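K.L.:
Take this structure first; my questions come after.
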Amino acid sequence: MAFGRGAKMDGRRPSSPSSSMCTTTTVVVFVALCMVGAWMMTSSTVFPVEPTSNKKSEPIEVSTSNKKTEVKDQRAEVGFGETDEAAKSGSVSSEKFEDTDNNDNVPDESHSNRDAPEEEKFPENAMEKPVEMAEEKEPPKEKEDSKDSFDDANGKSEGQSAKEGGESGDEEEKSGERKDKETTTDNDVEKSDAEKKEDQEGKSEDDATEQPQIEEKVEESGEKEPAAKANEVFPDGAQSELLKESNTENGSFPTQAAESKNEKEAQAASKSSGDEITYSWKLCNSSAVTDYIPCLDNEKAIKKLHSTKHYEHRERHCPAEPPTCLVPLPEGYKRPIEWPKSRDKVWYSNVPHTKLAEYKGHQNWVKVSGDHLLFPGGGTQFKNGALHYIDTIQQALPDIAWGKRSRVILDVGCGVASFGGYMFDRDVLTMSFAPKDEHEAQVQFALERGIPAISAVMGTKRLPYPSRVFDVIHCARCRVPWHIEGGKLLLELNRLLRPGGYFVWSATPVYQKLPEDVEIWNAISSLTKSMCWKMVKKTKDTLNQVGMAIYQKPMDNNCYEKRSEDSPPLCKETDDADAAWNVPLQACIPKLPIGPSVRGSKWPEMWPQRLEKTPFWIDGSRVGVYGKPANEDFEADYAHWKRVVSKSYVNGMGIDWSKVRNVMDMRAVYGGFAAALRDQKVWVMNIVPIDSPDTLPIVYERGLFGMYHDWCESFSTYPRTYDLLHADHLFSKLKKRCKLLGVFAEVDRILRPEGKLIVRDDAETISELESMAKSLQWEVRMTYARGKEGLLCVQKTTWRPKEIEASM
């Protein structure tokens with residue numbers, strides 16, 4: 001035969017006259033036919049159409065740039081643009097980001113497509129074509145080049161995103177498919193039934209390609225692909241038209257109108273997504289320099305105050321527009337010492353202040369030793385150590401039961417917060433606060449040590465906590481004039497103290513007999529009696545040579561009703577004792593709750609049972625934050641965060657939790673996130689934003705703590721004081737009220753270098769925040785996308801701009 005074994009081996013045939021003549025004849029006939037065909041083609045007025053089957057031979061599209069190759073991973077679980085039947089067969093993402101199990105390092109259906117229908121899976125040979133078609137095309141990229149949607153430790157991401165050239169390819173495919181329906185070509189006649197079936201399958205897979213991929217590409221340079229293409233693959237419904245020109249009658253050639261319209265839409269989408277926005281950061285120009293707290297260092301506002309008699313100059317006075325500058329780092333800043341060693345010493349370079357050591361060193365507050373600041377654990381009232389002082393209180397009043405009955409306490413005028421720092425040894429959580437005053441950086445020392453504290457003062461406004469939430473309130477020489485102006489300041493503590501809770505007062509009027517001390521003691525005794533507080537113990541610490549008085553708040557209104565004088569008066573029925581954001585102080589007593597199912601009518605469960613048990617006053621008669629009956633809502637929220645924390649945050653993000661101590665949940669709801677971190681050596685400041693449902697009392701009922709805050713303003717803490725910030729669907733809500741740039745600058749101010757920010761929010765917001773983080777040269781540790789929801793984890797670096805902003 002003409003095609004013998006030798007021909008297959010060397011590509012040549014044996015030479016013979018007959019075979020040569022046959023070959024020559026064949027070539028001549030073939031060339032003649034080609035010339036005739038070419039003449040017929042050129043004389044025709046119909047433009048040939050490129051067969052779309054050539055497009056269908058590539059199940060995986062590869063977009064290349066001069067930096068990195070991106071492989072488009074077509075995920076089946078996102079239900080945009082699918083038919084009802086296809087949507088039912090795949091994983092459809094819910095409106096809320098509740099898929100906690102898929103936030104792990106290796107998410108299930110998001111990357112493996114195990115549960116996708118057979119036609120939506122993409123093995124390497126899923127779209128085989130006839131041999132002659134395959135020879136004409138370049139083989140597709142190996143699928144193993146593609147990655148899952150998690151970023152690696154360097155913030156580089158490979159995987160699902162819109163790609164360069166992807167739209168033009170889709171455009172040609174759709175144009176060709178539409179033309180195929182109108183014109184029958186020779187290729188269409190010759191196409192086998194199998195090829196047509198494959199074309200139909202390829203078309204459905206192209207539709208799947210148009211599903212939203214909200215994770216953005218992080219290339220080697222750290223730059224993102226323009227988001228115009230990413231936004232254009234978010235159709236509004238199953239029949240959305242992504243390429244408008246495909247509806248015209250111009251064959252393979254798009255119209256200028258369609259091209260222009262698409263370009264304008266792409267530019268608008270890119271602008272709205274924030275990808276094209278450039279951020280210009282500058283250093284803050286403030287006299288506070290590295291310790292700048294915008295709402296406490298607003299010198300212009302402070303100078304305009306008419307009086308400072310009630311410590312108005314220590315209260316919050318926020319700028320009209322939140323600052324968008326960055327606070328500089330102290331020279332020689334180092335990563336903070338880890339807990340629990342940090343309780344005893346910190347780096348001097350991180351908090352370079354010595355005045356407090358000079359002023360309070362003899363009381364064992366703080367001392368300077370080489371490169372460190374040392375904290376012997378003393379205080380004005382406990383020079384020989386806080387732990388002995390704490391145990392003295394327990395011995396004087398066993399019913400206080402540290403770590404069981406008494407779990408959450410408030411320390412007024414905390415100094416460097418050694419009292420709260422050693423309360424951790426008794427399983428007690430202490431909210432410490434002190435003003436930013438002449439006791440230089442006392443709250444900053446506390447936070448650097450890993451002890452919870454905020455900058456606040458008892459002045460003219462209520463403290464940012466709900467009523468009846470603290471088990472114990474403590475004051476050790478806190479320098480607060482409790483007895484003046486009708487006891488207004490002590491009545492604020494009464495608002496905060498839980499019915500049946502204790503007030504521990506350790507101050508010179510308790511044990512000294514100087515005229516001034518005697519006068520204050522008599523005034524306090526009269527005031528507490530009129531408030532129906534009962535002094536349950538007055539004792540003396542012989543080691544520290546100090547005394548203390550312990551008072552208990554009543555559990556009901558009987559005492560109030562039996563008073564001979566209505567002074568201080570009961571608050572009006574219209575007064576809301578839980579209202580605490582910028583509310584002026586009132587010299588009145590809120591009535592105590594009545595009824596077995598009302599919050600505060602009985603003491604919470606003992607710790608730690610109270611952490612997990614649904615509060616007795618949360619039942620199915622009210623609707624929870626997420627729409628379920630409140631008790632079910634509470635339980636579901638806790639179960640959700642336990643899964644998220646254990647499977648994703650602790651084991652799936654590469655976070656070294658031994659280096660994490662100070663944590664803030666920027667939108668806490670029920671405190672489930674903090675509760676799930678119980679086994680970690682951390683404390684969590686639970687923030688309930690002022691425009692969110694008021695669930696902060698529930699947080700306290702669980703034995704946790706937190707405060708109210710408006711994130712359109714600066715938080716009352718020093719710079720560089722938190723190791724980890726967590727925000728669940730916070731930023732998308734804030735966008736309706738204030739600019740995110742100022743909020744993100746505040747996040748940068750609060751977070752320590754090498755600290756982490758974890759955000760769960762909608763895709764658009766995640767993209768915007770990621771862009772801001774990159775502009776600050778933060779490291780993108782992880783991005784994860786599922787449906788319209790996303791997860792972002794970024795890490796702050798030590799980068800600071802060189803330029804300083806104009807005078808503030």
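The values are calculated or read from the model by the stated rules, or taken from the named source; none is laboratory data. Bear in mind that the values here come from a model prediction, so they are computed numbers and not experimental data. Using ideal geometry, Cβ is built from the backbone for each residue, glycine included, and neighbour counts are taken over all protein chains shown. These area figures cover heavy atoms from the full protein model, side chains too; ligands, DNA and RNA do not enter into them. Shrake-Rupley method; radii C 1.70, N 1.55, O 1.52, S 1.80 Å.
K.L.:
Filter region 358-389 for residues that are out of contact with any Asp or Glu (no Cβ under 9 Å at 6 or more places or on another chain), in contact (Cβ under 8 Å) with a residue 40 or more places away in the chain, open to solvent by less than 50 Å² (accessible area, probe 1.4 Å) and assigned to a loop (DSSP other than H, G, I, E, B) and give the result.
P.N.:
Across region 358-389, the qualifying residues are W365, V366, G378, G379, T380.
K.L.:
Report yes if L724 is of a type in the set (A, V, I, L, M) and surrounded by 23 or more Cβ atoms within 10 Å (Cβ to Cβ), otherwise no. First the steps, then the outcome.
P.N.:
Numbers: of a type in the set (A, V, I, L, M): yes; surrounded by 23 or more Cβ atoms within 10 Å (Cβ to Cβ): yes.
Yes, satisfied.
K.L.:
Can you name the residue in region 295-311 that is open to solvent by less than 50 Å² (accessible area, probe 1.4 Å) and in contact with a Ser or Thr (Cβ under 7 Å, 6 or more places away or on another chain) and, of all such residues, is farthest from C325 (Cα to Cα)?
P.N.:
L296
K.L.:
Among the helices (runs of 4 or more DSSP H) lying completely within region 426-525, list those that include at least 2 residues that are over 30 Å from L611 (Cα atoms).
P.N.:
Values: elements: 442-448, 488-496, 508-511.
Hits in region 426-525: 488-496, 508-511.
K.L.:
Give the residue, chosen from L741, L776, that is of a type in the set (A, V, I, L, M, F, W, C) and open to solvent by less than 10 Å² (accessible area, probe 1.4 Å). Break it down stepwise before answering.
P.N.:
On the way: L741 fails: open to solvent by less than 10 Å² (accessible area, probe 1.4 Å).
Step by step, each of L741, L776 is checked, and only L776 is of a type in the set (A, V, I, L, M, F, W, C) and open to solvent by less than 10 Å² (accessible area, probe 1.4 Å).
K.L.:
A further question follows. Out of the residues in region 440-475 meeting the condition of being under 28 Å from P336 (Cα atoms) and open to solvent by 20 Å² or more (accessible area, probe 1.4 Å), tell me which one is modelled with the highest pLDDT.
P.N.:
Taking region 440-475 as the starting set, the residues that turn out to be under 28 Å from P336 (Cα atoms) are 440-457.
When the remaining residues are screened for being open to solvent by 20 Å² or more (accessible area, probe 1.4 Å), the result is 440, 457.
On the way: E440: 77, V457: 96.
Checking each candidate, the answer is V457.
K.L.:
Evaluate region 344-357: report whether one residue or more is over 38 Å from the mean Cα position of the chain (by Cα), farther than 22 Å from N686 by Cβ and surrounded by fewer than 19 Cβ atoms within 10 Å (Cβ to Cβ). Give the steps one after another, and end with the answer.
P.N.:
Our first condition is that a residue be over 38 Å from the mean Cα position of the chain (by Cα); within region 344-357, this holds for none.
No, every residue in region 344-357 fails to be over 38 Å from the mean Cα position of the chain (by Cα), farther than 22 Å from N686 by Cβ and surrounded by fewer than 19 Cβ atoms within 10 Å (Cβ to Cβ).
K.L.:
Could I ask something else about it? Taking the stated definitions as given, is Q586 buried (at least 16 other Cβ atoms within 10 Å of the Cβ) and polar (S, T, N, Q)?
P.N.:
Details: buried (at least 16 other Cβ atoms within 10 Å of the Cβ): yes; polar (S, T, N, Q): yes.
It is true that Q586 is buried (at least 16 other Cβ atoms within 10 Å of the Cβ) and polar (S, T, N, Q).
K.L.:
Out of region 390-417, which residues are in a helix (DSSP H, G or I) and buried (at least 17 other Cβ atoms within 10 Å of the Cβ)? Even if it seems obvious, please write down each step before you answer.
P.N.:
Going residue by residue through region 390-417, those that are in a helix (DSSP H, G or I) are 390-396, 398-400.
I390, T392, I393, A396, I400 - these are the residues of region 390-417 that are in a helix (DSSP H, G or I) and buried (at least 17 other Cβ atoms within 10 Å of the Cβ).
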